[in-house]
1. Suppose we filter S17, S35, S30 for residues that are modelled with pLDDT under 95 and of a type outside the set (V, I, T); which single one remains?
2. Looking only at region 106-122, filter to residues that are open to solvent by 90 Å² or more (accessible area, probe 1.4 Å) and either touching a Leu at 6+ places or on another chain (Cβ under 6 Å) or assigned to a strand (DSSP E or B) (or both); which one of those is nearest to F7 (Cα to Cα)?
3. Among the residues of region 44-54, write down those that are farther than 20 Å from R72 by Cα and touching a residue at least 24 places away in the same chain (Cβ under 8 Å).
4. How many residues, within region 80-99, are closer than 20 Å to A33 by Cα and in contact with a Leu (Cβ under 9 Å, 6 or more places away or on another chain)?
5. Do you know which residues across region 28-43 are in contact (Cβ under 8 Å) with a residue 60 or more places away in the chain, farther than 14 Å from V93 by Cβ and not hydrophobic (A, V, I, L, M, F, W, C)?
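The values are calculated or read from the model by the stated rules, or taken from the named source; none is laboratory data. Keep in mind it's a predicted model, so treat the numbers as computed, not measured. Reconstructed Cβ throughout: ideal geometry from the backbone, glycine too, with neighbour counts over all protein chains shown. Side chains included, ligands, DNA and RNA excluded: accessible areas come from the protein's heavy atoms. Shrake-Rupley method; radii C 1.70, N 1.55, O 1.52, S 1.80 Å.
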Amino acid sequence: QVQLVEFGGGLVQPGGSLRLSCAASEFTFSSYAMSWYRQAPGKERELVAFITRAGSTTNYADSVKGRFTISRDNAKNMVYLQMNSLKLEDTAVHYCNAGRYRLDGYRAGDYWGKGTLVTVSS
């Protein structure tokens, strides 16, 4: 059984920072590319960032490029999302996903966390 648990969400002011964490258990964490998705109220889920198995390659949505950083620690089965310069439009439930990366990009797997809410508000 694969389990992913996100934590670190909360309320933050515009321009502030927040670090999200995702803890994985009961699967071979290092065999998967990992990613963060987000879903705002009334909108579709979108890919925010992904990182390859060894952490050597990362990619970001244009909307967060230069502000967010994804990283992982395979020894601890953890993946992180450092979010800086947060904007109102970053408000969303953020989900961790275990998937795969190939030359055509990241493909989501069937393993999702239950999400952690990030609210950016003044």
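1. Only one candidate passes the filter, namely S30.
2. Residue satisfying both the conditions and the ranking: L117.
3. R45
4. 9
5. Of everything in region 28-43, those that are in contact (Cβ under 8 Å) with a residue 60 or more places away in the chain, farther than 14 Å from V93 by Cβ and not hydrophobic (A, V, I, L, M, F, W, C) turn out to be Y32, S35.
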